[in-house]
1. Where does each of Ile43, Ile35, Ile90, Ile9 land when they are ranked from fewest to most other beta-carbon atoms within 10 angstrom?
2. Per the helix-only calculation at 222 nm, which mean residue ellipticity applies to the chain, given -39500 (n - 2.57) for every DSSP H run of n ≥ 4 and division by its residues, nearest 500 deg cm²/dmol?
3. Mind checking the full-extension length gain between Leu42 and Glu8? Use 0.36 nm per residue of separation minus the Cα-Cα distance, one decimal, nm.
4. Using r as the Cβ-Cβ distance of Glu71 and Lys96, and R0 as 41 Å, what FRET efficiency do you calculate, to the nearest 0.05?
5. Mind putting together the pair-distance distribution for the chain? All Cα pairs, 5 Å bins, whole percent per bin, short to long.
6. Based on the Cα coordinates of the stretch 90-138, what is the per residue volume of their convex hull in Å³?
7. Please give the charge dipole size of the chain, origin at the Cα centre, charges +1 on K and R Cβ atoms and -1 on D and E Cβ atoms. Round to the nearest 20 debye.
8. Can you give me the distance in nm between label points at Glu114 and Lys86, each placed 7 Å from the Cα along the Cα-to-Cβ direction?
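Just so it is clear, none of the values below were taken in a lab; they were calculated from the coordinates. Just so it is clear, the structure is predicted and the values come from calculations on it, not from any experiment. No Cβ is skipped: glycine too gets one built from the backbone with ideal geometry, and neighbour counts run over all protein chains shown.
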Amino acid sequence: MADTFQIEIVTPERLLVSDQATEAQVPGTSGYLGILPGHAPLITELRSGELSYRRPDGKIERLALHWGFAEVLPDKVTVLAERAEKAADIDVEGAKRQQEMGEEQLKDPNANKEEALRLIERAKTRLEVAGRHDSSMLNLVP
């Protein structure tokens, strides 16, 4: 059995990630799904959450993922995401504004509550992933 698998993360705009991984965790609708090389084939729906994977060099990559689907094969994982951002690319101030905007929409009796909740969920995911990335960078400082 192989020690790695190919992972690809695709958004409507572009191929965001094409890399090798030794393990991955994806946010399924029923909870997080752990994936190792040789995993049984499956297709699953994804919710908003953190997608992480470990590269063969041990480095953990983190992305904020917002809804989509994943196809898991023994040697490849393909994620089709409505939206995804690498942790280092997340605009923290923009995510905070997004969360505030969603919270304001919830106070408006005429606003679409479901859309406001999705906006808040997306903003919180972005902030959590960015925070984990920032704190992991502290461990790199000698």
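1. Details: Ile43 10, Ile35 19, Ile90 22, Ile9 26.
Fewest-to-most ranking of Ile43, Ile35, Ile90, Ile9: Ile43, Ile35, Ile90, Ile9.
2. -10500 deg cm²/dmol
3. Result: 10.7 nm gained on full extension.
4. The computed FRET efficiency comes out at 0.75.
5. 2, 10, 18, 20, 19, 14, 9, 5, 2, 1, 0, 0
6. With only Cα atoms used, the stretch 90-138 gives 51 Å³ per residue.
7. The dipole magnitude comes to about 160 debye.
8. In this crude spin-label approximation the distance works out to 3.5 nm.
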